[in-house]
Amino acid sequence: MRLPLLAIPIALLSACAATPPQEEGPRTARTDACVFHSSISGFKALDDSRVILYDGTGNKHAYLAEITPGCFDLSHQSQLAAIDGDGNGRICGYGRDDIAYQQFGRIERCRVLRLEKLTDERLAAVMEKKVKKPRKVIIE
């Protein structure tokens with residue numbers, strides 16, 4: 001009677017060992033890129049979920065910040081604030097760092113989910129793929 005009871009767990013374990021490893025999906029949360037809070041010198045909002053942050057004199061380096069959804073009208077803002085939420089002096093793709101702006105008299109805060117340091121080639125590609133606003137369609 002013991003032999004059939006042991007056969008079930010052994011069969012289950014061998015089935016688990018036979019499954020191929022899953023491919024790793026795209027990284028969405030933690031990245032190692034960070035920019036010093038005090039060195040951010042400019043920004044360019046691509047759409048409501050992506051902002052390019054520049055640092056250094058003459059916008060020397062560019063970082064693509066992906067932020068939480070729900071930051072409406074971000075691409076029309078003339079001023080943004082980078083908020084160092086975890087107090088380490090850097091804006092990173094992890095932690096409690098935010099992008100903030102004023103909208104209709106209130107401060108809107110959006111969490112930085114991912115930060116990527118852009119090469120010149122990657123910056124050009126991101127700027128080419130800038131999401132445009134949809135046109136208004138009038139149906140008569």
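The values are calculated or read from the model by the stated rules, or taken from the named source; none is laboratory data. Note that the coordinates shown come from a computational prediction; the quantities given were computed from them, not determined experimentally. As a convention, Cβ positions derive from the backbone with ideal geometry for all residues, glycine included, and neighbour counts pool all protein chains shown. Ligands, DNA and RNA are stripped out before the accessible areas are found, and what is left, the full protein with its side chains, is counted by its heavy atoms. Shrake-Rupley method; radii C 1.70, N 1.55, O 1.52, S 1.80 Å.
Some observations on this one:
- Evaluating ALA81 against the criteria (1) open to solvent by less than 50 Å² (accessible area, probe 1.4 Å); (2) within 16 Å of the chain's Cα centre (by Cα); (3) not acidic (Asp, Glu) leaves one unmet condition, (2).
- Residue list for the range 43-65, filter: open to solvent by less than 40 Å² (accessible area, probe 1.4 Å) and at positive phi: GLY56
For every residue, the table says whether it meets (1) out of contact with any Gly (no Cβ under 9 Å at 6 or more places or on another chain); (2) closer than 13 Å to HIS37 by Cβ.
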| residue | (1), (2) |
| --- | --- |
| ALA62 | yes, no |
| HIS76 | yes, no |
| GLN79 | yes, no |
| ASP84 | no, yes |
| ASP97 | no, yes |
| ALA100 | yes, yes |
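Here's the yes/no breakdown for (1) surrounded by fewer than 19 Cβ atoms within 10 Å (Cβ to Cβ); (2) under 15 Å from ILE52 (Cβ atoms); (3) in contact (Cβ under 8 Å) with a residue 60 or more places away in the chain:
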residue: ILE67; (1), (2), (3): no, yes, no
residue: GLY93; (1), (2), (3): no, yes, yes
residue: GLY105; (1), (2), (3): yes, no, no
residue: GLU108; (1), (2), (3): yes, no, no
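- Identity of the residue in the range 30-68, part of a loop (DSSP other than H, G, I, E, B) and basic (Lys, Arg), that ends up farthest from MET127 (Cα to Cα): ARG30
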